[in-house]
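Visitor: Below is one structure. I have some questions about it.
The values are calculated or read from the model by the stated rules, or taken from the named source; none is laboratory data. These figures come from a predicted structure and were not determined experimentally. Note: ideal-geometry Cβ built from the backbone for every residue, glycine included; neighbour counts use all protein chains shown. The area values use the complete protein model at the heavy-atom level, side chains included, leaving out ligands, DNA and RNA. Shrake-Rupley method; radii C 1.70, N 1.55, O 1.52, S 1.80 Å.
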Amino acid sequence: MRWWDIDAVLELEKDLFPEDAWSRGMFWSELAHARGPGATKRYVVAVDEDRLVGYAGLAASGDLADIQTIAVTRDQWGTGLGGRLLTELLRAATAFECAEVMLECRIDNIRAQKLYERYGFEAIGFRRGYYQPGNVDALVMRLTDPSTSVQGTEING
């Protein structure tokens, strides 16, 4: 993801997460730490022809990574794009030498939970009222050794 992707990312963000969409400033802040030798973040986009159809981001700190976001346009649901984006984040976590990857997922987002489970994430707890202003709980999930979840997978495009 680069700065010129932010407008399209914000459109998708507002469509998928209307109550708790990230702001332009939040994305700029994340991208500020995604380049150079001291980078601690990795943000990727998926483009179909000239249209942004997905994005994802990860933050690393020490041996722990945290998936910040994954989003895919509704017309791409069920195509495997979310899995390809997740694979890229797990590769980044491995490159950052992270031993564990954590994430929060809306308790009502069963589709995303099933995706994470397929990649080896396990539910370890809840964060009550995590998503605001809707006061929706988050399921906390953890993956140990992200390198084993991406062995033998290939990303095309």
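Visitor: Give the Rg (one decimal place) followed by the Dmax (whole number) of the stretch 1-60, computed from C-alpha coordinates and expressed in Å.
Guide: Cα-based Rg and Dmax for the stretch 1-60 come out at 11.6, 35 Å.
Visitor: If you filter the stretch 24-66 for trypsin sites (Lys or Arg not before Pro), then keep DSSP loop positions with at most 12 other Cβ within 10 Å, what is left? List each step's numbers first, then the result.
Guide: On the way: sites: Arg24, Arg35, Lys41, Arg42, Arg51; in loops: Arg35.
For trypsin sites (Lys or Arg not before Pro) across the stretch 24-66 that sit outside H, G, I, E and B with at most 12 neighbouring Cβ atoms in 10 Å, the list reads Arg35.
Visitor: If you count only protein heavy atoms with a 1.4 Å probe, what accessible area per residue comes out for the stretch 65-139, rounded to a whole Å²?
Guide: Details: 3850 Å² over 75 residues.
Solvent-accessible surface per residue comes out at 51 Å².
Visitor: Relative contact order (percent) for the chain, with alpha-carbon contacts under 8 angstrom and 6 or more residues of separation? Don't skip to the answer; put the middle values down first.
Guide: Numbers: 259 pairs, mean separation 28.8, N = 157.
Computed value for the chain: 18 percent relative contact order.
Visitor: When a/c is below 1.5 the answer is rounded, else prolate if a/b is larger than b/c, else oblate, so apply that to the stretch 48-132 with a ≥ b ≥ c taken from the square roots of the Cα gyration tensor eigenvalues. Mind showing how you got there, number by number?
Guide: Numbers: a/c = 1.78, a/b = 1.19, b/c = 1.50.
Oblate, since a/c reaches 1.5 and b/c is not below a/b.
Visitor: Could you pull out every whole DSSP H run in the chain that spans at least 18 Å of Cα extent along its own axis and averages -0.5 or higher on the Kyte-Doolittle scale? Intermediate results must be reported in sequence, preceding the final value.
Guide: Details: long enough: 81-95 (21 Å, 0.65).
In the chain, the long hydrophobic H runs are 81-95.
Visitor: Right, here's the next one. What FRET efficiency comes out for Phe126 versus Ala32 if R0 is 41 angstrom and r is the Cβ-Cβ distance? Round to the nearest 0.05. Numbers along the way, then the final one.
Guide: Working: r = 31 Å, r/R0 = 0.76.
The computed FRET efficiency comes out at 0.85.
Visitor: Could you tell me what percent of the accessible area of the stretch 12-157 is made up of carbon and sulfur, with a 1.4 Å probe and every protein chain present? Spell out each step's value before the answer.
Guide: Values: 3790 of 7970 Å².
Answer for the stretch 12-157: carbon and sulfur cover 48 percent of the accessible area.
Visitor: Using label points projected 7 Å from each Cα along Cα→Cβ, tell me how many nm separate Asp15 and Glu49, to one decimal.
Guide: 1.4 nm
Visitor: Working out 0.36 nm times the residue gap between Ser23 and Arg74, then minus their Cα-Cα distance, what length gain in nm do you get to one decimal? Display every interim value, and only then the final one.
Guide: Numbers: separation 51, 0.36 × 51 = 18.36 nm, distance 2.05 nm.
In short, 16.3 nm is gained.
Visitor: Would you pull out the residues with amide H under 5 Å of Val47's amide H, same chain only if 5 or more places away, H placed 1.01 Å from N?
Guide: Under 5 Å from the amide H of Val47 lie the amide H atoms of Val53, each far enough along the sequence or on another chain.
Visitor: What residues qualify as long-range amide H neighbours of Gln68, i.e. H under 5 Å apart, gap of 5 or more or another chain, H built at 1.01 Å from N?
Guide: Sorted by chain and number, the residues that satisfy this are Gly57, Leu58, Ala59.
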